[in-house]
Each structure stands twice: as C-alpha cells, then as structure tokens.
Amino acid sequence: EKFKVSKGKKPPCLSIEDVEGIVSEMKHPVKRDMVVFAFNTGWRIGEIRKLKWQDVDPEKGKAWIIDPKNGESNEIVLNDEAIEIIKRQKEILNGSEYVFCHKNGDPFKTSLREAFTRAADRAGVQLPPRKAWHILRRTWASMFLQNGGDVETLRQQGNWKDYSMPMWYANAGNEDHKKKILNSFPKIGNGRNMAESGKVVALTN
C-alpha cells in the first residue's frame, strides 16, 4: 500500500530554466532567497516562513523543521547553497528571531502566492492550476532522484511519513537522462563488440 499511486496524472515540475526565470523576476531580495532555498531543500513555504534562528546550525549544515505538516519534527541536512542563503539573511535582516522575514523582523504571515505567481507570469513560466510555491517541492523531489538520490533519503529529507507522496511527486528524467543511465550498463565481452570479433564460436549440441 505504501507504494501504491492512487492519484491521477502526475503533477509537472519546473525546469532549471523555469526556476531561474522566476528567481530573476522576484525583485524582493528575501523572497528571492526563499525561492532558491525552496528549490534546494524542497521545504514547504509554511516551513520556510516559520524557520527560526534557534532551529538552524549553519556551521554543521543542519536545520530542524518544527511542527511540520505531518506533525513530526525532523533534522534536515542542508546543501551548501541553502547554508549560504541562511547566512546571508544575517546581513540582510539582523535581529529577528525568524530567518526569513520583513524588514521590521516580523515573519511573513501569508503563503506569498501572489509574489510567486507574478514573478512566474513575468518570466513566462506556466504554473499548474492552484499551485505556486509547492511546485518547487515537486521539482526538488524530481531533481533529487534524477541526480542519483535514493527514495529513502528523499523521504527523510522531504519529511514524508511514507513513500507514496515522494514517489508520486518525482518525475522521470528526460530522454537524455534516460539514455545516460541505459548507456552506463556494462558491455558484454569485456567491452568488445562481439559482432565485430574476428573469432566466430560455433555452438554445438
């Protein structure tokens, strides 16, 4: 049951060019960093808005999602890009208990949907119906698997209780990615093309 995909058509994910386009059109520096952070972590926008300094350790490259959607707080490993984004907030906004916040230190209290969709419109990126920031979570899950990540690590990093959602979110790689995987198979005959071999072996009973 954990592996059963009962939903309909899989949701789309964004290309790298789509994400870059949205980032370039997000004029607010903190909101722009939030987009890049979401792309690199797969965090839900609510988790990003509520992230506090007491729940991050940039030196160890970790953060803790407190009171998440699934109800289970979790320690998350961050990549270098996400760590740099967190450190940069100290320079932009210093003194607030929240990592990402307004200039006065108050946290963002909305989903920032309008800011995201407007940036996507200006960049010419078509978003799926009724989905804004969450498309970055889907994109992150797809990128994670397409770049060699395993499903269990994806589940842990995405803070899902089981495998059904990450398996449903993740899109398969494009044609070039599939060819790269298929062509990585070892060749039979220690790399020699048996059809071109000068020695023909007769098969007898």
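The values are calculated or read from the model by the stated rules, or taken from the named source; none is laboratory data. Since we're looking at a predicted model, the values are computed, not measured. Methodologically, a virtual Cβ is constructed for each residue, glycine included, from the backbone with ideal geometry; neighbour enumeration extends over all protein chains shown. What goes into the accessible areas is simple: the full protein's heavy atoms, side chains included, and nothing from ligands, DNA or RNA. Shrake-Rupley method; radii C 1.70, N 1.55, O 1.52, S 1.80 Å.
For SER111, the solvent-accessible surface computed with a 1.4 Å probe is close to 60 Å², ligands and nucleic acids excluded.
Here segment 130-179 has an Rg and Dmax of 11.1, 34 Å, counting Cα atoms alone.
A Cα-only calculation for segment 41-187 places Rg and Dmax at 17.2, 62 Å. Take each peptide in 96-106, 16-26, count the other Cβ atoms within 10 Å of every residue, and average; sorted highest first, the result is 16-26, 96-106.
Heavy-atom accessible surface of LEU145, to the nearest 10 Å², is about 50 Å², with a 1.4 Å probe and all protein chains retained. Distance from the Cα centroid of segment 32-82 to that of segment 111-134 is 21 Å (rounded to whole angstrom).
Ranked by solvent-accessible area (1.4 Å probe, protein heavy atoms only, all chains present), the residues ASP162, ASP55 order from largest to smallest as ASP162, ASP55. Applying 1/(1 + (r/R0)^6) with r as the Cβ-Cβ distance of THR110 and ASN171 and R0 = 22 angstrom yields a FRET efficiency of 0.20. Counting protein heavy atoms only, segment 58-175 has 44 percent of its accessible area on carbon and sulfur, 1.4 angstrom probe. Among ILE92, ILE65, the order of accessible area from largest down is ILE92, ILE65, computed with a 1.4 Å probe on protein heavy atoms.
Overall, the ratio between the Cα radius of gyration of segment 61-132 and 2.2 N^0.38 Å, rounded to two decimals, is 1.34. Taking 0.36 nm per residue of separation and subtracting the current Cα-Cα distance, fully stretching the chain between GLU152 and ASP57 would add 31.9 nm. For the set LYS60/LYS103; LYS50/LYS131; LYS131/LYS180; LYS50/LYS180; LYS87/LYS178; LYS31/LYS180, the pairs lying more than 29 angstrom apart at their alpha carbons are LYS131/LYS180; LYS50/LYS180; LYS87/LYS178; LYS31/LYS180.
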